[in-house]
Amino acid sequence: MILIGLPASGKTTFYRERYAATHDHISKDLMRHARRPGKRQHDLLAASFTAGRSVVVDNTNPDQGVRAPIIALARERGARVVGYFFEATAPEALRRNRAREGRERVPDVAIFTVRKHLEPPQRSEGFDELYLVRMQETDRTFVVTPMPGAANEK
């Protein structure tokens, strides 16, 4: 499973609420001291797949180039690839980010940088299923719908 979206769009909260009990959590945010976070992520993914565990890759994963190695490894290991695209505007992400404290808060420029490179995922990248996720800020719940035009396989 690949989470895709701006910083502070709700990706980690979504993981915690829906998948923490059943899926390994792989996030470069947890690799702050890794010299080569891309390699570390690959190694953790490979280990999870080898052990037969389900995985959530919780990064911004903004474009096809970033997502391609994750999808390739999943395919190589026979895993289904499901993408969740978190729909959030920069002002929404900035507001949520400003409510964060400590290491969870990112510099505002990070939100604008990711927004500049953010590409909605496409089935043609190798996804089996794609979903659009929107956080309802009033009650902090998530609305998940099939991505328009995705024609998800079950």
Worksheet item: How long are the three semi-axes of the equivalent ellipsoid for the chain, computed from the Cα gyration tensor as the root of 5 times each eigenvalue, in whole Å, largest first?
Response: 23, 19, 15
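Is the C-alpha gyration tensor of segment 1-64 telling us rounded, prolate or oblate? Criteria: a/c under 1.5 is rounded; beyond that, a/b larger than b/c is prolate, otherwise oblate. Numbers along the way, then the final one.
Details: a/c = 1.70, a/b = 1.08, b/c = 1.58.
Judged from the Cα gyration tensor, segment 1-64 comes out oblate (a/c at least 1.5, b/c at or above a/b).
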Worksheet item: In bins 5 Å wide, starting from 0, what share of all Cα pairs of segment 93-154 does each bin hold, as a percent?
Response: 4, 14, 16, 17, 21, 15, 10, 3, 0
Worksheet, complete the sentence: Relative contact order as a percentage, the chain, C-alpha pairs under 8 Å and 6+ apart, gives 29
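With n ≥ 4 as the cut-off for DSSP H runs, can you work out [θ] at 222 nm for the chain, using -39500 (n - 2.57) per run divided by the number of residues, rounded to the nearest 500?
Working: 5 runs with 54 residues, N = 154.
The per-residue figure over the chain is -10500 deg cm²/dmol.
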Worksheet item: Say R0 is 25 Å: what FRET efficiency, to the nearest 0.05, do Arg105 and Thr141 get from their beta-carbon distance?
Response: 0.65
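Readers should treat all values here as calculations from the given coordinates under stated rules, not as data from a laboratory. As the structure is a computational prediction, the values presented were derived from the model and not from experiment. Here Cβ is always computed from backbone atoms with ideal geometry, including for glycine, and neighbour counts include all displayed protein chains.
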